[in-house]
Every structure is written in C-alpha cells, then in structure tokens.
Amino acid sequence: MLVWKILASGGVEEDPVCDVELDNSPNSTLFTMKGISSNNLTGSDTEHVIMMHLFPEQVKFAKLTRS
C-alpha cells in the first residue's frame, strides 16, 4: 500500500511518503490509518502514520515515522 501526505490546500503530495507492506489476514475486521505531526527534541517536525488492524481477539498497531 502506498501512503501519501494530504495537503492542507487539498489533494496529496506528488510522491508517496512510503510504501507499506500489509499482511493480508482474512480475520481482520477493521483497518484504519491516522496521520499526526509532532515536534521532536531537535525542533524539527516529525510525521507519524498510525495503522490499526482489529481482529476478533486482539488489536495490532503499527507506526511509521518520517522526519
């Protein structure tokens, strides 16, 4: 799956942020993604993409980070 940064003016950046390999589990009942930004100790912005897979008995999270 390719992940793009959404622009404040609408649309997405020209190049994707990253390429994410997802396991293709048939037991997953829900998949969601959320992007957030934060400042790190050096004062630069860091972008995070949080991914969640919901399974009947567990929840799996994955975090991608881009500086």
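The values are calculated or read from the model by the stated rules, or taken from the named source; none is laboratory data. These numbers come from a predicted model, not from an experiment. Don't worry about glycine lacking a Cβ; one is built from the backbone with ideal geometry, like all the others, and counts go over all protein chains shown.
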Mind checking which residues of the stretch 45-67 are outside any strand (DSSP E or B) and either at pLDDT 75 or above or over 20 Å from Trp4 (Cβ atoms) (or both)? Phe55, Pro56, Glu57, Gln58
Within the stretch 20-44, residues at pLDDT below 75, assigned to a strand (DSSP E or B) and of a type in the set (Val, Ile, Thr) come out as Ile36
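Would you say Val17 is surrounded by 10 or more Cβ atoms within 10 Å (Cβ to Cβ) and either among the basic types (Lys, Arg) or modelled with pLDDT of 75 or more (or both)?
Taking the combined requirement at face value, the residue satisfies it.
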